[in-house]
1. Looking at residue 161, is it in contact with a Gly (Cβ under 8 Å, 6 or more places away or on another chain) and within 30 Å of residue 206 (Cα to Cα)?
2. Can you name the residue in segment 90-111 that is within 23 Å of residue 64 (Cβ to Cβ) and not β-branched (Val, Ile, Thr) and, of all such residues, is modelled with the highest pLDDT?
3. Just give me the residues in segment 33-53 being of a type outside the set (A, V, I, L, M, F, W, C) and crowded, with 17+ Cβ neighbours inside 10 Å, in sequence order.
4. Being charged (D, E, K, R) and in contact with a Ser or Thr (Cβ under 7 Å, 6 or more places away or on another chain) is the filter; apply it to segment 170-192 and report the residue that is surrounded by the fewest Cβ atoms within 10 Å (Cβ to Cβ).
5. Between a residue in segment 49-72 that is under 20 Å from residue 131 (Cα atoms) and free of Cβ contacts under 8 Å to residues at least 60 places away in the same chain and any residue that is surrounded by 14 or more Cβ atoms within 10 Å (Cβ to Cβ) and among the aliphatic types (A, V, I, L, M), which pairs come within a Cβ distance under 9 Å, given they are 6 or more apart or on different chains?
6. Looking for whichever is touching a residue at least 24 places away in the same chain (Cβ under 8 Å), farther than 16 Å from residue 173 by Cβ and polar (S, T, N, Q) here; the options are 77, 95. Which one fits?
7. Any residue in segment 32-40 that is touching a residue at least 40 places away in the same chain (Cβ under 8 Å) and in a strand (DSSP E or B)?
8. Collect the residues in segment 134-169 that are more than 19 Å from residue 13 (Cα to Cα), buried (at least 20 other Cβ atoms within 10 Å of the Cβ) and not hydrophobic (A, V, I, L, M, F, W, C), keeping them in residue-number order.
Amino acid sequence: MNNIGRKELKYVITVSEFMRLKRKIGAYLRADKHMKNGFYLVRSLYFDTFNNVDLFDSIIGSSEKSKIRLRVYPPDTAFINLELKEKNGSDGFKTSVDITREEADSLLKSRYSFLLKKQSPAAIRIYTRLASEGYFPKSIVEYKRSAFYLPVSDTRITFDYDVGVSPIPSLFFNKKILTTAVSEKDIGVLEIKYNDFLLGALKDVLKNIDNLNEANSKYLQSRLLFN
């Protein structure tokens with residue numbers, strides 16, 4: 001799946017600030033059906049090259065950058081998604097492929113050829129990036145996410161918090177993994193994604209945090225913590 005020209009905005013805010021915004025956001029957006037007790041877990045395994053190309057693009061704040069990751073939603077790790085995320089300014093592009101556990105195990109060993117057998121443009125695009133630049137697994141990021149959705153302009157608002165990281169890729173499919181916190185417990189990241197326009201009423205809700213818009217990379221945090 002590709003989200004062409006999708007806008008992405010990120011704000012680092014406190015949990016208490018999000019709880020204040022949540023009441024207003026909930027008046028316009030539906031809560032994600034997968035949430036239990038107000039959140040669900042997300043776990044990602046990030047890949048990078050030997051020379052850490054994606055990491056350094058994040059460090060220098062390049063306007064054009066990308067990330068490749070596996071994603072699951074514990075405790076259920078049966079649904080596995082392989083994603084290539086590319087960003088140009090505030091425009092986000094995502095290419096994704098559903099893969100099996102066996103295929104994911106191949107990726108953990110830096111074996112990508114199974115993607116060619118899928119014969120899909122998305123799989124071939126990700127394979128080309130992985131194979132041509134020699135990507136291999138680097139770090140795990142796990143966090144809690146509150147998510148809300150509005151069909152208008154495919155608007156999605158998420159708040160990610162309690163972020164923990166691990167430098168041991170082989171633990172990715174463990175039921176539970178020991179992680180190290182990357183920020184204070186009361187800090188999280190509010191992210192707004194939409195296609196063509198943001199509903200005026202939501203602009204009003206978010207206007208008080210417009211001056212806080214900043215780049216925030218969980219992958220960057222996960223790598224810098226152990227380097």
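The values are calculated or read from the model by the stated rules, or taken from the named source; none is laboratory data. Please read all numbers here as calculations on a predicted model, not as lab measurements. All Cβ positions, glycine included, derive from the backbone under ideal geometry; neighbour counts span all protein chains shown.
1. For residue 161, the condition - in contact with a Gly (Cβ under 8 Å, 6 or more places away or on another chain) and within 30 Å of residue 206 (Cα to Cα) - is met.
2. 96
3. Within segment 33-53, 40, 43, 44, 46, 48, 49 qualify.
4. It comes out as 186.
5. 71/42; 71/45; 71/80; 71/82
6. Going through 77, 95 in turn, just one is touching a residue at least 24 places away in the same chain (Cβ under 8 Å), farther than 16 Å from residue 173 by Cβ and polar (S, T, N, Q): 95.
7. yes
8. Within segment 134-169, 135, 137, 138, 139, 155, 166 qualify.
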